[in-house]
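Derivation of every value follows stated rules applied to the coordinates shown; laboratory data play no part. Bear in mind the structure is a predicted one, so any value in this text is a computation, not a measurement. Here the Cβ is made from the backbone with ideal geometry for all residues, glycine too, and neighbour counts use every protein chain on show.
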Amino acid sequence: MQTTTKRDLCEKIARRTDNTHMIVKKTIQMFLDEIIAELAQGNRIELRDFGVFEIRQRAARKARNPRTGEVAFVPAKNVVVFKVGKLMREKVGNATPTQETAQEM
């Protein structure tokens, strides 16, 4: 499995759209910043066929330090949850290594 970074995505999009790498990088970063800001306000982000980002509260619980065995209290906290959209589920679920390689070329 290969790791794709934001830089890799920027380069691919810049080549496909004939935009500069800097313009694409700024656009992607603004998009990500806006998602973070909306989630921080408690809003739900729905991107059709891609998925849904939302905030859920994880309940407080007791945990145990595996090294010492000491019981610790973990307070409730908000976490971001992502639910995969239909198109992504279909494409990723049916993906094979040869399909992924063929699409990159």
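Using 0.36 nm per residue and subtracting the Cα-Cα separation, the extra length available between Lys86 and Lys6 on full extension is 26.4 nm. The region of the chain that goes longest without hitting one of the trypsin sites (Lys or Arg not before Pro) in a DSSP loop, each with at most 11 other Cβ atoms within 10 Å, is 1-43. Here is the list for segment 59-100: GluC sites (Glu not before Pro) lying in DSSP coil, each with at most 13 other C-beta atoms within 10 angstrom of its C-beta, are Glu70. What the phi angles of segment 11-24 give under the Karplus curve with 6.51, -1.76 and 1.60, with θ = phi - 60°, is a coupling list of 5, 5, 5, 4, 5, 6, 9, 6, 9, 6, 4, 5, 5, 5 Hz, glycine and proline written as x. Kirkwood analysis of the Cα pair distances in the chain returns a hydrodynamic radius of 17.4 Å. Counting only Cα atoms, segment 1-43 measures 35, 28, 12 Å along its principal axes, largest extent leading.
Here the gap between Glu46 and Thr17, fully extended at 0.36 nm per residue and compared with their Cα-Cα distance, gives a gain of 8.0 nm.
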